[in-house]
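Taking it in order: structure first as structure tokens, then the write-up.
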Amino acid sequence: MFKPVAQGVVRLGIVFVNVFALGEPGGPWLLVDAGLKGSASYIYQAVVRRFGMGARPEAILLTHGHFDHVGAARDLACEWNVPLYAHPLEMPYLTGKSDYPPRDPTMGGAMAQMSRIMPDHGYDFGHWLRTLPSDGGVPSLPGWRWLHTPGHTPGHISLYREADGVLLAADAFATMNLDSWSAYFTRKRELSRPSPPFTSDWGVTRESIEKLAGLVPRAVAAGHGLPIVGDNTAPELRRFTESFTPPRRGRYVASPPVTGEKGVEELPPPVPDPYARRAAWAVAAGTIIFALARRRRW
Ligand SMILES: [Zn+2]
Ligand SMILES: [Zn+2]
């Protein structure tokens, strides 16, 4: 079931990732991201409860094309016959032209270890895709605008509603510590760097977080973790920005991949993987965590 974040903003947690719906029942509304593969009927049921039987969004906005944000995109676009909007620089990974830079599990931490069993390929959503309006507007919802917040992926976007300072950061940063195994159970609210194994440019990631902190938001909700709301939100985000540090090691920490309109053009060489030996138990632990987390809707 969708849970409230702010007026006209609701969140649906799917295992470890969030999907959002923007807009009020009875009016135009948008779905933001499409969760994991196989979650279409779960999202669909939540939509019926929130917006009513037969309701369909004006469109689905994709903040970026990682597997955990677009898993049910095709099924839902077909079901509702609605377009998928994304940033032009994300298109190579959504039109079958390029895979993402290979995930980098070498820096350690929970998500890095679990990423060994996660996909990093691109998708081809073909004729369902549209490019976001170049003026920063969001289709059908004039109070919202999108902001280009690259770093995690080249065409990553966040969404902002100026009137009440609501920020949907997607994977520009997270509101839980994705490196910590226990955080997947406790859901402790904590501003944290975006998923390390899937973030390809740490310098640009930092710039994007600074840009978002500059908005002085009053509520932030990210792709991973529970929303953070209240007077302390902006000061907390400011402190997080000032103390932001990329992982100490990793394939993309010193030199990011070169990407362009056609996707990935050049990759830095692979780095030694100090955790390879521990990978087997980590993958097993990750599988158990996922199985347990799946039972707990959050
Ligand atoms: Zn992502
Ligand atoms: Zn994500």
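The values are calculated or read from the model by the stated rules, or taken from the named source; none is laboratory data. This is a predicted model, so every value here is computed, not measured. Don't worry about glycine lacking a Cβ; one is built from the backbone with ideal geometry, like all the others, and counts go over all protein chains shown. Keep in mind that these areas ignore ligands, DNA and RNA; they rest on the heavy atoms of the full protein, side chains included. Shrake-Rupley method; radii C 1.70, N 1.55, O 1.52, S 1.80 Å.
List of remarks:
- Close Cβ contacts (under 6 Å, 6 or more residues apart or on different chains) running from residues in region 187-203 that are in a helix (DSSP H, G or I) to residues that are within 11 Å of ligand 1 (Cβ to nearest atom) and open to solvent by 20 Å² or more (accessible area, probe 1.4 Å) comprise Pro197/Arg103; Phe198/Arg103.
- Candidate set: region 204-217, residues that are hydrophobic (A, V, I, L, M, F, W, C) and in a helix (DSSP H, G or I); chosen: the one farthest from ligand 1 (Cβ to nearest atom): Ala213
- Search result, residues across region 235-253 that are assigned to a loop (DSSP other than H, G, I, E, B) and of a type in the set (D, E, K, R): Arg248, Arg249, Arg251
- Reported count of residues in region 120-150, each being surrounded by fewer than 16 Cβ atoms within 10 Å (Cβ to Cβ), at pLDDT 95 or above and within 14 Å of ligand 1 (Cβ to nearest atom), is 0.
- Total residues in region 151-202, condition on the phi > 0 side of the Ramachandran plot and open to solvent by 30 Å² or more (accessible area, probe 1.4 Å): 0
- Cβ-Cβ distances below 6 Å connect the following pairs, each with a first residue in region 64-79 that is closer than 15 Å to Gly96 by Cβ, a second residue that is assigned to a loop (DSSP other than H, G, I, E, B) and within 14 Å of ligand 2 (Cβ to nearest atom), and a separation of six or more residues or different chains: Phe67/Pro119; Val70/Ala34; Val70/Leu62; Ala73/Ala34.
- Only one of the listed residues (Asp179, Asp171, Asp124) is among the acidic types (Asp, Glu), within 25 Å of Pro101 (Cβ to Cβ) and within 13 Å of ligand 2 (Cβ to nearest atom). That residue is Asp171.
- Conditions (1) more than 16 Å from ligand 2 (Cβ to nearest atom); (2) more than 21 Å from Gly263 (Cβ to Cβ); (3) outside any strand (DSSP E or B); number of the one not met by Leu147: (3)
- Selection within region 72-119 - closer than 20 Å to Ala40 by Cα and open to solvent by 20 Å² or more (accessible area, probe 1.4 Å): Arg74, Asp75, Cys78, Glu79, Asn81, Pro83, Tyr85, Pro119
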